[in-house]
Structure formats: C-alpha cells, structure tokens
Amino acid sequence: MSEPEGTPPAPATSRPGRRRLLRAGLGTGGALAAVRLLPGGRAWAAAPAAGPRPAPAAPAAPTTTTGAEGGAQPWPDWARFARIADGTFNEPADMQSAVDALKAQNVSVVELDTLLSNWLTDAEFAAHMAEVKTFTGLAHAAGLKVVMYYPSLELISPGGEKGRSFYKNDQGGNWVQRDLAGRPNVFYGSVVVWVDPGDESVWLSPNSPWRDYYLKRIKGVAATGVDGIWPDVPIYFDGVLSWCDASTWGAAAFRADTGLPLPEAADFADPTFRRYVEWRHRNLLRFQLDIAAAGRSVNPDLVTFVETVSMDYRYATSIGLDGGYLRQAEGAVSQVWEVDILGNYDGMRHATATDWVCLISMYKYARGASGTKPAWAFSYGWQADDASLVMSQLIAAGCNPYEVKTPFKNDTVDAAMRTRMYAFVRANQERLYDAAPIAEVGVYHSSPSRDYVAPGAGIGMYANATAPAGITDWWGGDEPEQSCAAVPWLGEFRGTVKALVYAHVPFDTVPSPGLTAADLTRFKVLLLPDLQAVSDAEAAALRGFVAAGGTIVITGPAPTALDELGGQRAEFALSDVLGLRRADPLPATRQNAYGAGTCWYVRNRAGLSYLTRTDQSSADQLLAAVRQSAPPAVTLAGDRRIYLDARRLGADTVVHLVNFTNFGDTPAAFRTTPANCTLSYTLPPGTTPTAVTVATPDGTDPTPKPAPHTVTGTTLSIPLTLTQYSVVTITTR
C-alpha cells in the first residue's frame, strides 16, 4: 500500500520513549473523568443481528509458525547472554559518547529508542533511518548489538491536541481502535507519563491498513543493519477505553475468524463476549508473528523481542496481550517482559514479603512463558540497593536484565551498580543461561481460568494496593480490589507460589496456551491452582501426565468445570482423574489413583489462604504431595524468605539464592542485612563432589571462589552468609 505522507510538525532529534501508564485507575477497564477524548463516541460498527446468537466457535490451538519466517531458528549467543540498556541519543554528535558510556558499563545490547514513537512523514522516517544506521555502525565497532525500539500500535503527534495530528489530519481517524460503543481510542497528554501535555496519543487497529503501514516501516528499520526489532506493547490499550478493537476492521476480522458478530457489551455471561476476549489474544499473536516475519524478510538474522507488559496477573484479560501465546512460535521471536514495581518513584523500597513473592512469581512466569527462548526483562529500581536486589531476582529466575530507573527507561539507577551487576552476568553467563532447569515441580498458569474465573475490576499485580505513608504514585492507587488477594484465581496461584518459595522448593511455571505432553515430561508433581477453565486438549495432556505416573494437586471449588471459553461443562473435564462427578458433593480433600499416578484434590483455595495468612495448614495441603513424590535434592536451612532455584550444567548443579529476609508483613524502609543459611545437596548414588564454588555480584570480584563444605554420608553441606545474591556451583564426578 502507499503510505500517507501527512504533514506532522517537525520533530526534535530525539525524545524519551513512551513508558508505563500510571496504574492508579488505569489498566483496570475504567475510563478517567479527566481524560480528554475527541468527539465521535456514538456506536458506529455494525450491530449484531437480532435474535438468538450462534454458539461461539471454539478457538484452535495457538499457531506455532511464523508464516514467511519458516522453521525454527537458532538463537545467537549475543541474544542469549544479553545485558541490555537504553541507548537514546539527543543529537547525532552524542552517538559516540553514548556508545562509549554503555560499553564502559558492561552493556552488550543497546535498545535504541529515538523518534519512532512520533508521527513522521516518509521523508522524516528515511532521514532518521540514516541516523540509526550511523549509530548502529558505531555500536558494532564497539562490539555492541543494537535492537531498535518501535511502538507497534501507538502513534504520538507532538502538539497534536491543538495542532495537526495523525488522528485528525491523516489516517488515524480511520485506523483507530474503537471500543464496543464505537468510541475512538485516542487521548491527549498527562494521562500517562510518556505522553506530554498537549500531545496526542492514538492507538491503531492491527486489523486496519495500519498493519501494512507499520510492517513496511519495520522493513525500513531492518535495512539499517540493526540486530533486532523491539516492537512495543501490541495491546488494546485500556487506559481510557475498554475492550477495543470493535472498529470496522476488528469487527470484520472477528467475524472472519469466528463467524460471529461483535458482542454488544462487555458481559462475561455472554458466550460471544467470552469468545471475543480469547480472540483478542490470538489476534495480537498473529500481529506479532507478522512483525517478526517482516523484519526477517529483509535480514534473515534479525531477532524480534516484543515488549510485553502483561504478566501472570489479570492485565492480559483487558489489553488482549497474553505472553504465553508466543511461547511455541517458531523463529527468533520472543519477549522483553515489562515487569513493573510497586511505586513509580519508590521502586520496591516499601515492599512486603508477599509483594516480593509476587515479583518472584512474575519473573518466573516470564521465564516459563518464553519457553526455551531468551526471556529479556525490565529490571526497575529507584536506588542502587533496591535496584540490585530486583535484578538479582530477575537473573536467578533465568531472565536477561534490562536495567532502568523507574518510571522511565532512558537512564540507569546508578552507573556503578549497573557496571558491577553486568560484570557478574558477563563473568558467569554460561552457568546463568546455559544451565537446564531441574525442578521437578511445576505450577500451572491457566490463561482461561485467569480470564473467566470470577472476573472483576482488580488486576492483582501485587498484594499491597495501599501506598505506605508518604509514598505517592503507588501501583494500586489505594484501591483494595486491585490486590491479588482480592482476585480469587490469581490469589490462589500466587499463594501456591508463596508456599513453594517459603519451603525452598525449586519450581517452574507452566503456561497453558499450546500445552503439550512434552511440556510436562520433566515434572513429577504439577500444582493446578483453582484450575476451572480448561480445553479438551489441555485436559488430555494433564490426564496423560497422571496416567504415566505423575502427581497433580488441584484446588478450588469447581475443578475443570469450565471449558476454554468459560462455558459450563456438563461434567468435570478431569472427572476420571479426580474420581469425582459434578453432581456429587465435593469432599474437603481427596486422593485418587489414576493409571500409574495420583490426583490430590483440595476443595478450598489453600493458596489464597496461605497468601493472606501464611498458615502452615494451608501450606501442608499444597505441599504434602510434593514432599512425598518430588522431594528436592537441594534444600536450605535458613529463613524462609530466601529464594532458592536450581539448574544443571553438565556435571554441575547451579543453585541460586536471593535474600529478601528484610521484607516483613507490613511495609518498612528498605535495608540489606546479610542472612546465614546452610545449603544441602543430596549426592547422586556413586558420585563425589570435586568442587564447590560461590559467585556473587555483591562484592568487587564476580568470579566464582571456592566455598567451604562438608560431606556426611550422601549429604553435601555448605554454610553461607548471603548478602543479596549468590550462585553456588556444585561439581561432582
């Protein structure tokens, strides 16, 4: 297609990129009274036909190909071992100094964020691509890689509130996302931190000709020699309106995919609306795959990292972007996970211990939802000490750090801290990112249960939604319903994670989209928190896991009672595995043998109870099966607020330990106090230890050092003093 030129105002050479919405009152589906919307809110899309609605078509399994991209591509080492930082330059003359500064901070990958958030003519875009090519050459000469940031569905018109804008004077009014009432998804500054007062932000429909417009420009970016593309949050933005895209373009795509008209309103009792909720996940997946394919059509070695703001909590339901859908897509396309923190101007400095568990849960979800691909993730901080602890947990979960100071993304919290932490990653990159997971316990994250079980206003990012005294810009906006404890399914999931973390049990998160039997083969126990909505294919994979000797622990009042679109089943999908029929009274607990395995059922939400009360009886209900069927080889004697994970690299067992013992049940000022603990490892039969080392980023030397240890029988014991983060490597023969 021909790209419209338009006549946007001349842009500055560079500006900070768009960044995080202020979550107080946003991201939960509610429009803000202060938002200035353009007129045009009348319903304009074709209304659904009167009379009975057809039953929604069930969704197909998520696609695992990338169209023109073809088969699976190996990931280059630079992407697997990436240490990422923003590389915005203010003027072309600043390019070399920017590259030199990042190189000195042990950065290996530059995320270049410049003008592409803004409305640019073809001529302005081409001129800027020449600047990008120059910067890329300088970065390559310094041994750095460059990944170009490019918002995928948002376009900002500087001065567009009163001046010319893409919405008013170009194709934005035609291509805009619209909600179910037909209102356009466009607003003016001060709603979010990245849109300045007087600027216009318009969110475009990926089903409109914007798709071709954007993909053509992606090809232009790929031609500059950059190493990767960073498409920013392909979402149905809900900061001002909910449940977009009901544009004419979206309506046509929805009907083509499902045979259904758009739902009339947001109503989870309506099967067509529930189908619309799931369709938006799949619709955005296809857009991401097309972006990756467009870039690789120009440069076959190009990688794509999609910035993904939705984590394990309920935000994916409202914005449509479910990170788990991309996991099995072939080709070099993965995620940069935007893992938010508690306070825009406080970081995690006033977290509770349960809030810290929520952060652990998010990073573990990121690692699991990226599958075998690299999982890049934001490492937000406010001061050097809280920033380094957040990054420690990110690395321990297996993610690659992108270190930034909250709430923006164009600066480091502290250059010395970044240099020290990135030196640790560089010195230990193989043991951090080449080691294979050995956790025999999985926690199942059910996307349809997240979407359809007790839908409500809260998103549940953290536990404490109320800002501590003196702290402003808190994630929950002082709204208790935002807490994960107020979202039943999520509270159950997060409480299950908390029980495992506090018991020092290594675990991995297992995302539901595209689940296959192969995803479960390495686990002995699979925890299924409040699993209600499940497809027949998922149920078959879970049934096969138990029949082959696996153990599942399923909790909640309606085990597998819903289908994958939230519709009521006549019978539990796993009735045979549960040993329960829907018509019968549910027991408080039950164990049922099925094939060579066992199903443990707990009727109450034991995880939610443990999340809020930290009661041992609830933990025992969740962990009894783990202790019986998958006792970990690595154990820890010490404070329960020490996170433990374990992986294997050849003959080495690599153990990660992160100290969050200074967080309590109520918010308190941040501090770091070393914690003493003893790590124990059960030696495999016939083996002896040949070396034990400890590496830490907490000091000046990140290289592994020999660690004192003793062996009693088959147990290797290692006494440790843990500051923030240590990696213990045990070598046996």
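The values are calculated or read from the model by the stated rules, or taken from the named source; none is laboratory data. Since the structure is predicted, the reported quantities are computational estimates derived from the model, not experimental observations. Note that we place each Cβ from the backbone using ideal geometry, even for glycine, and neighbour counts take in every protein chain shown. Side chains are part of the model used for accessible areas, which takes the heavy atoms of the whole protein and leaves out ligands, DNA and RNA. Shrake-Rupley method; radii C 1.70, N 1.55, O 1.52, S 1.80 Å.
Restricting attention to the range 603-627, the residues being crowded, with 21+ Cβ neighbours inside 10 Å and not polar (S, T, N, Q) number 11. Inside the range 661-718, can you point out the residues that are small (Gly, Ala, Ser), within 20 Å of ILE642 (Cβ to Cβ) and under 34 Å from the mean Cα position of the chain (by Cα)? Of everything in the range 661-718, those that are small (Gly, Ala, Ser), within 20 Å of ILE642 (Cβ to Cβ) and under 34 Å from the mean Cα position of the chain (by Cα) turn out to be GLY664, ALA668, ALA675, SER680, ALA695, GLY699. When the residues of the range 480-497 are narrowed to those that are touching a Ser or Thr at 6+ places or on another chain (Cβ under 8 Å) and over 21 Å from GLY324 (Cβ atoms), which ends up most open to solvent (accessible area, probe 1.4 Å)? Residue satisfying both the conditions and the ranking: PRO480.
Applying the set (1) more than 30 Å from ARG603 (Cβ to Cβ); (2) surrounded by fewer than 21 Cβ atoms within 10 Å (Cβ to Cβ) to ASP665 leaves exactly one unmet item: (1).
VAL226 passes every criterion in (1) assigned to a helix (DSSP H, G or I); (2) within 26 Å of the chain's Cα centre (by Cα); (3) closer than 30 Å to THR136 by Cα; (4) not acidic (Asp, Glu) apart from (1). Residues of the range 344-351 include at least one that is open to solvent by 30 Å² or more (accessible area, probe 1.4 Å), of a type in the set (Phe, Trp, Tyr) and part of a loop (DSSP other than H, G, I, E, B). In this structure, ALA619 does not satisfy being modelled with pLDDT under 95 and over 20 Å from ILE718 (Cβ atoms). With respect to (1) over 26 Å from CYS358 (Cα atoms); (2) touching a strand residue (DSSP E or B) at 6+ places or on another chain (Cβ under 7 Å), the lone exception for VAL727 is condition (1).
Kindly indicate whether LEU359 is more than 18 Å from TRP230 (Cβ to Cβ) and modelled with pLDDT of 95 or more. Don't jump to the end; show me each part of the working.
Values: more than 18 Å from TRP230 (Cβ to Cβ): yes; modelled with pLDDT of 95 or more: yes.
When the stated conditions are applied, LEU359 passes them.
Of all residue pairs spaced 6 or more apart or on separate chains, those with beta-carbon atoms under 8 Å, a first member in the range 275-287 that is under 11 Å from ASP451 (Cβ atoms) and a second member that is in a helix (DSSP H, G or I) and aliphatic (A, V, I, L, M) are HIS281/ALA316.
What number of residues within the range 318-334 satisfy the criterion of being of a type in the set (S, T, N, Q) and either surrounded by fewer than 24 Cβ atoms within 10 Å (Cβ to Cβ) or over 28 Å from ALA293 (Cβ atoms) (or both)? I'd like the intermediate steps shown before the answer.
Going through the range 318-334, the residues of a type in the set (S, T, N, Q) turn out to be 318, 328, 334.
Still in the list and also either surrounded by fewer than 24 Cβ atoms within 10 Å (Cβ to Cβ) or over 28 Å from ALA293 (Cβ atoms) (or both): 328.
Selection size over the range 318-334: 1.
Summed over the range 502-529, the residues that are in contact with a Lys or Arg (Cβ under 8 Å, 6 or more places away or on another chain), within 21 Å of VAL655 (Cα to Cα) and surrounded by fewer than 24 Cβ atoms within 10 Å (Cβ to Cβ) give a count of 5. Please verify whether the range 387-401 includes one or more residues that are more than 24 Å from THR696 (Cα to Cα) and either open to solvent by less than 10 Å² (accessible area, probe 1.4 Å) or not charged (D, E, K, R) (or both). The answer is no, given that none of the residues of the range 387-401 is more than 24 Å from THR696 (Cα to Cα) and either open to solvent by less than 10 Å² (accessible area, probe 1.4 Å) or not charged (D, E, K, R) (or both). The residue of the range 241-278 that is surrounded by the fewest Cβ atoms within 10 Å (Cβ to Cβ), among those that are in a loop (DSSP other than H, G, I, E, B) and hydroxyl-bearing (Ser, Thr, Tyr), is SER242.
Here ARG426, ARG418 are screened, and the one residue that is surrounded by fewer than 23 Cβ atoms within 10 Å (Cβ to Cβ) and at pLDDT 95 or above is ARG426.
Take residues that are closer than 28 Å to ASP322 by Cβ and tell me which of the helices (runs of 4 or more DSSP H) falling wholly in the range 386-464 contain 1 or more.
On the way: elements: 415-427, 429-433, 447-452.
Correct list: 429-433, 447-452.
Hey, among ALA457, ALA435, ALA463, ALA427, which residue is touching a residue at least 12 places away in the same chain (Cβ under 8 Å) and under 29 Å from THR551 (Cα atoms)?
ALA435
For the range 193-223, filtering for residues that are out of contact with any Leu (no Cβ under 7 Å at 6 or more places or on another chain) and either open to solvent by less than 30 Å² (accessible area, probe 1.4 Å) or part of a helix (DSSP H, G or I) (or both) leaves 19. When we screen THR703, THR678 for residues that are surrounded by fewer than 20 Cβ atoms within 10 Å (Cβ to Cβ), under 20 Å from TYR502 (Cβ atoms), at pLDDT 95 or above and of a type in the set (Ser, Thr, Tyr), the only hit is THR678. Among the residues of the range 442-450, is there at least one that is touching a residue at least 12 places away in the same chain (Cβ under 8 Å), among the aliphatic types (A, V, I, L, M) and out of contact with any strand residue (DSSP E or B) (no Cβ under 8 Å at 6 or more places or on another chain)? Taking every residue of the range 442-450 in turn, none turns out to be touching a residue at least 12 places away in the same chain (Cβ under 8 Å), among the aliphatic types (A, V, I, L, M) and out of contact with any strand residue (DSSP E or B) (no Cβ under 8 Å at 6 or more places or on another chain).
Answer yes or no: is there a residue in the range 90-100 that is in contact (Cβ under 8 Å) with a residue 60 or more places away in the chain and within 23 Å of the chain's Cα centre (by Cα). Steps first, please.
In the first step, residues of the range 90-100 are kept if they are in contact (Cβ under 8 Å) with a residue 60 or more places away in the chain; the result is 90-92.
Narrowing further to those that are within 23 Å of the chain's Cα centre (by Cα): none.
No, that holds for no residue.
Looking across the range 542-573, the residues that are more than 21 Å from ARG274 (Cβ to Cβ), open to solvent by 20 Å² or more (accessible area, probe 1.4 Å) and in a loop (DSSP other than H, G, I, E, B) come down to ALA548, GLY549.
Do we find that PRO374 is closer than 29 Å to VAL195 by Cβ and open to solvent by less than 20 Å² (accessible area, probe 1.4 Å) in this structure? Against the criterion (closer than 29 Å to VAL195 by Cβ and open to solvent by less than 20 Å² (accessible area, probe 1.4 Å)), PRO374 does not qualify. In the range 158-171, the residues that are under 12 Å from TYR188 (Cα atoms) reach residues that are β-branched (Val, Ile, Thr) and surrounded by 22 or more Cβ atoms within 10 Å (Cβ to Cβ) with C-beta atoms within less than 7 angstrom, at least six apart or across chains, in these pairs: TYR167/VAL176; TYR167/VAL186; TYR167/VAL202.
So which residues in the range 174-191 are outside any loop (DSSP other than H, G, I, E, B) and in contact (Cβ under 8 Å) with a residue 40 or more places away in the chain?
Going residue by residue through the range 174-191, those that are outside any loop (DSSP other than H, G, I, E, B) are 174-176, 178, 184, 186-188.
Residues satisfying the conditions are TRP175, VAL176, ARG178, PRO184, VAL186, PHE187, TYR188.
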